[in-house]
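Notes follow the structure.
The values are calculated or read from the model by the stated rules, or taken from the named source; none is laboratory data. Keep in mind that this is a model prediction, so the values were computed, not measured. A quick note on method: Cβ atoms are made from the backbone with ideal geometry, for glycine too, and the neighbour counts reach across all protein chains shown.
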Amino acid sequence: MTNIPHIQITEPVTCSTCAACCCQLEVMLITDTGVPQRFIDTDDWGGEVMLRLDDGWCAALDRDTMMCTIYELRPLICREFEMGASECLEEREGITTAYR
């Protein structure tokens, strides 16, 4: 089981303090950014989504570094999910309460 890094909600969100909380969200592929086929799944309605592993984490997430292995090819939704924005902070708050 992967250790979830301790998140201090009061500290600014940066690449070094991010816990990849958004990597547990369902990500629909609505544009072609070149996501490798091995990371693509089909949802119950036939839409393409990022493949998530049995534990809910995105298959493109490197579990050792908690960084995206396909960052340059990441889906549009991932590109638009702004680090430190309100949606990001809400996900961070949700994950900290889930692992207490």
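For every residue, the table says whether it meets (1) farther than 29 Å from P12 by Cβ; (2) among the charged types (D, E, K, R); (3) within 12 Å of the chain's Cα centre (by Cα); (4) loosely packed, with under 13 Cβ neighbours inside 10 Å.
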position	(1), (2), (3), (4)
I30	yes, no, no, yes
R38	yes, yes, no, yes
D44	yes, yes, no, yes
D55	no, yes, no, yes
L73	no, no, no, no
I77	no, no, yes, no
A85	no, no, no, yes
R92	no, yes, yes, no
Please verify whether the range 14-28 includes one or more residues that are modelled with pLDDT of 90 or more, closer than 14 Å to P75 by Cβ and over 11 Å from the mean Cα position of the chain (by Cα). yes
Failed item, numbered, when T2 is tested on (1) assigned to a loop (DSSP other than H, G, I, E, B); (2) modelled with pLDDT of 85 or more; (3) closer than 20 Å to R92 by Cα; (4) of a type outside the set (A, V, I, L, M, F, W, C): (2)
Checklist (1) within 22 Å of E93 (Cα to Cα); (2) part of a loop (DSSP other than H, G, I, E, B); (3) not acidic (D, E) applied to I30, failing item: (1)
Output the residues belonging to the range 50-100 that are modelled with pLDDT under 90 and among the basic types (K, R). R63, R79, R92, R100
Condition check for E26: surrounded by fewer than 14 Cβ atoms within 10 Å (Cβ to Cβ) and either in contact (Cβ under 8 Å) with a residue 12 or more places away in the chain or within 22 Å of P12 (Cα to Cα) (or both): yes
